[in-house]
Amino acid sequence: RTTVSTGPMPLNLSAKAMTICGYEFRYLQQLMPECDANGKIIKYYPQSEYDNKKNLPLSYHGKGPFCRFSIKAGEWPGVYLWVVDNNIIYIGETDGLQRRFNAGYGRIAPRNCYLGGQSTNCKMNKVVLSFYVQGKTVSLFFYSTTDYKRVELDLLGKNNTPYNVKDN
């Protein structure tokens, strides 16, 4: 188990668990985009599948392409960390981990590409795609708790992460 400071966070990813601000997070897996038989990322443009009867504009993060990815996990409540190059880049909370990733971040619903949709899903899907294109992967760590909203706020108050910002 690795204990990490709350400043800029170099992490020891060889550890299967790490403690951040007193919370023990367990490594789950890397977030890997689906690829074809040649190893090329399969890109998706779900925004074209939306029946945009109200002529809504695309959101800032709604322009494609997107990738698809999934995790193997239960419907656990808790807080998750996205880690790249030994740095925490995003902190999130959920009442059901598998659903949050497999039906949220990892598979973009066409409606979410447009104004009023879940733009965080679009933004973070593009983060996975962008890092993978750069030859890097996002590692997922998880802390199981039913008090996930309070824990997330505690962590966000003590840690500066590049992707926990108000959407445009």
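The values are calculated or read from the model by the stated rules, or taken from the named source; none is laboratory data. Bear in mind that the values here come from a model prediction, so they are computed numbers and not experimental data. In this analysis, Cβ positions are derived from the backbone assuming ideal geometry, glycine residues included, and neighbour counts consider all displayed protein chains. SASA here: full protein model, heavy atoms, side chains in, ligands and nucleic acids out. Shrake-Rupley method; radii C 1.70, N 1.55, O 1.52, S 1.80 Å.
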So in segment 20-45, with the set limited to residues that are within 17 Å of Ala73 (Cα to Cα) and either in a loop (DSSP other than H, G, I, E, B) or of a type in the set (S, T, N, Q) (or both), which one is least open to solvent (accessible area, probe 1.4 Å)? Pro33
Ile91 passes all but one of (1) touching a helix residue (DSSP H, G or I) at 6+ places or on another chain (Cβ under 8 Å); (2) open to solvent by 40 Å² or more (accessible area, probe 1.4 Å); (3) of a type in the set (A, V, I, L, M); which number fails? (2)
Exactly one condition in (1) open to solvent by 10 Å² or more (accessible area, probe 1.4 Å); (2) over 11 Å from the mean Cα position of the chain (by Cα); (3) more than 21 Å from Asp36 (Cα to Cα); (4) in contact (Cβ under 8 Å) with a residue 60 or more places away in the chain is not met by Cys113; state its number. (1)
Check Gly92, Gly104, Gly116, Gly157 and return the single one that is in contact with an Asp or Glu (Cβ under 9 Å, 6 or more places away or on another chain) and of a type in the set (Gly, Ala, Ser). Gly92
Residue identified as modelled with pLDDT of 95 or more, of a type in the set (Phe, Trp, Tyr), open to solvent by less than 30 Å² (accessible area, probe 1.4 Å) and touching an Asp or Glu at 6+ places or on another chain (Cβ under 9 Å) among Phe69, Phe142: Phe69
Of the residues in segment 56-77, how many are under 13 Å from Gly117 (Cβ atoms) and touching a residue at least 60 places away in the same chain (Cβ under 8 Å)? 6
